[in-house]
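To start, the structure under review is shown below, and the notes come after it.
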Amino acid sequence: MKVYYSDICLKHAPKHEILSGALVDYVESPSRLTTIVNQLRTQSSSKHFEFLSPSDHGLDAILVIHDVEYIEYLKSAYKEWCEEGGNKNGVIPEAFPHSGFTSVSRDKIKNLKSSIAKAGLYCFDLSCCITEETWDAVYESAQIGISAAKELIKLNNESVCDKGHPLGVFALCRPPGHHANSKISGGGCFLNNAAITAKLLINNLDSNGNARKVAILDIDYHHGNGTQDIFYSQSNPLYVSLHASNDYPWFTGEVTEIGEGEGEGYNVNIPLPEETSDEIYCELLEKVIKERIIPYGANYLLVSLGVDTYKDDPIGGFQMTTDVYKRIGRIIKSIELPTLFVMEGGYYMETLGINVTNVLLGFMDN
């Protein structure tokens, strides 16, 4: 399997964040990436993976999903923050334009000048500290996704389809993306890599000029509120998420959120309890694949790959073991579609690398 990766993604390295009221070491740390890379490069795994560097495809694919004002903010936020006397450790918001205040002026929001105010406008929590090199890493993460998607398209066009062995490419993105919507960061996410790449796959028109159909399967412990928000009114892609009930990001992810307008019926949430085990998870995964993903008739599958479902994950809560991740990979393989894996969460360093590797090996039936 081809793996797209870049050391530039290590450059986003805030020192701290506030989690559950405490100042803690930054959870979405660069060590996550090195842990995964080291495991993929072990003697037992390395023969299965080919590492490639991303190309620079510019902003075009990013701007299909994200507002240009938001992109300009991410690029300039740290410089403006420091010029106004902000702490050089990074940009962190202190106030947000809450929807409960009916007097919040849209015109005032649009014309904000203060870097502190902008931080609250363009972020919904305290987990997205912007440092001097954050934009470099965020941009490179998106380029990894774009390059991987283009590679999957190329392989699919060149290959004779073998349904027993579907094509797969891994975009080892960092920072992750599924909590970011078109103009707001949060949950350690700045650009929505899954959304950017899904739209790229969709816009890879067939010989008759028709858009390709894409199914997104989000298996991160946390609901992908950003991905849901971006595609909530669209029938392509289909968005399916298995995630924790009554957990971060708290305000989304219910079964009643089914999409709206053209997108009604194409947003599928499966909230799961804390006691979710290997068997329960796999049973529900197989069920939603059979009932929703396969009937959708997608041309491509995109997996938002989070392994914070592991039992010891510091910000997870399920009861899942390392053994289950190969099984999950095999279940995903059973969909028999060209598949793009896009890295999301997973924070327990002792097993992060092996859990990610096992999903990919399971998909390859190794």
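Brief remarks follow.
- Summed over the range 278-305, residues that are in contact with a strand residue (DSSP E or B) (Cβ under 8 Å, 6 or more places away or on another chain) and either surrounded by fewer than 15 Cβ atoms within 10 Å (Cβ to Cβ) or modelled with pLDDT under 95 (or both) total 1.
- Neighbours by Cβ (under 7 Å, 6+ apart or cross-chain): first from the range 326-353, closer than 19 Å to Ala194 by Cα; second among the polar types (S, T, N, Q) and in a helix (DSSP H, G or I): Gly329/Asn358; Pro338/Asn156; Leu340/Thr197; Val342/Asn193; Val342/Thr197; Gly346/Asn355
- Residue in the range 166-187 that is in a loop (DSSP other than H, G, I, E, B), surrounded by 24 or more Cβ atoms within 10 Å (Cβ to Cβ) and touching a Lys or Arg at 6+ places or on another chain (Cβ under 8 Å) present: yes
- Residues considered: Lys11, Lys88. Of these, the only one that is basic (Lys, Arg), closer than 18 Å to Glu132 by Cα and surrounded by 12 or more Cβ atoms within 10 Å (Cβ to Cβ) is Lys11.
- Asn208 meets the stated requirement of being free of Cβ contacts under 8 Å to residues at least 40 places away in the same chain, in a loop (DSSP other than H, G, I, E, B) and of a type outside the set (Gly, Ala, Ser).
- Of residues in the range 233-254 being assigned to a strand (DSSP E or B) and touching a His at 6+ places or on another chain (Cβ under 9 Å), the one nearest to Lys287 (Cα to Cα): Ser241
- Some residue of the range 29-39 being of a type in the set (D, E, K, R) and without any contact (Cβ under 8 Å) to a residue 24 or more places away in the chain: no
- The residues of the range 317-359 that are within 30 Å of Ile202 (Cβ to Cβ) and assigned to a loop (DSSP other than H, G, I, E, B), listed by number, are Ser334, Ile335, Glu336, Leu337, Pro338, Glu344, Gly345, Gly346.
- A residue that is closer than 18 Å to Ala194 by Cα and part of a loop (DSSP other than H, G, I, E, B) can be found somewhere in the range 265-273.
The values are calculated or read from the model by the stated rules, or taken from the named source; none is laboratory data. Fair warning: this is a prediction, and the values are worked out from it, not measured in the lab. Please note: Cβ atoms are built from the backbone with ideal geometry, for glycine as well, and neighbour counts cover all protein chains shown.
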